[in-house]
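The values are calculated or read from the model by the stated rules, or taken from the named source; none is laboratory data. All figures in this text were calculated on a predicted structure; none of them were measured in a lab. Counting neighbours? That spans all protein chains shown, and the Cβs are built from the backbone with ideal geometry, glycine included.
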Amino acid sequence: MSKLNDQELHNLAMNIVGKELEDSGYEFLGVNSEFQKDPQFVALKDKKLHFVIVRAIEYPHNPREYDIAFLQSIKDHAEKFKARTFYAGVGLANSEDYEKPVSHGEDYVVNYEGWQEI
């Protein structure tokens, strides 16, 4: 089995976060699924704009940790639009063996605790 590339892992993470946003009543104004183009979601809820940055994080890295300096630049950009900024790290691992990469046709486990405001 071939392992998922960065874009495929990113798409998987985006689907997980996008479903949660949709289920929570967010309206999508913009979706950018291209790997490393930020933010991934520009969404509206209760007349408030939200920027959501999504990252697929492979085991053993912690999906709750993020680069504050990098995300600060996105937060500064969001503030120009009076938007709130959120980070959503989605941990992904091969369900058979966490040390192996996530691969096509194999089950995987998700470590995702929701988005966090920056």
Being surrounded by 16 or more Cβ atoms within 10 Å (Cβ to Cβ), under 15 Å from Tyr87 (Cα atoms) and among the aromatic types (Phe, Trp, Tyr) is the requirement here; does Tyr26 meet it? no
If I filter region 76-98 for residues that are assigned to a strand (DSSP E or B), of a type in the set (A, V, I, L, M, F, W, C) and surrounded by fewer than 19 Cβ atoms within 10 Å (Cβ to Cβ), do I get at least one hit? no
In region 69-80, residues that are touching a residue at least 24 places away in the same chain (Cβ under 8 Å) and under 19 Å from Val90 (Cα atoms) total 2
Considering (1) without any contact (Cβ under 8 Å) to a residue 24 or more places away in the chain; (2) at negative phi; (3) more than 11 Å from the chain's Cα centre (by Cα), say which one Tyr59 fails and leave the rest. (1)
Of all residues in region 1-38, count the ones that are among the hydrophobic types (A, V, I, L, M, F, W, C) and either in a helix (DSSP H, G or I) or in contact (Cβ under 8 Å) with a residue 40 or more places away in the chain (or both). 9
With respect to Phe86, is the statement that it is of a type outside the set (Ser, Thr, Tyr) and modelled with pLDDT under 95 true? no
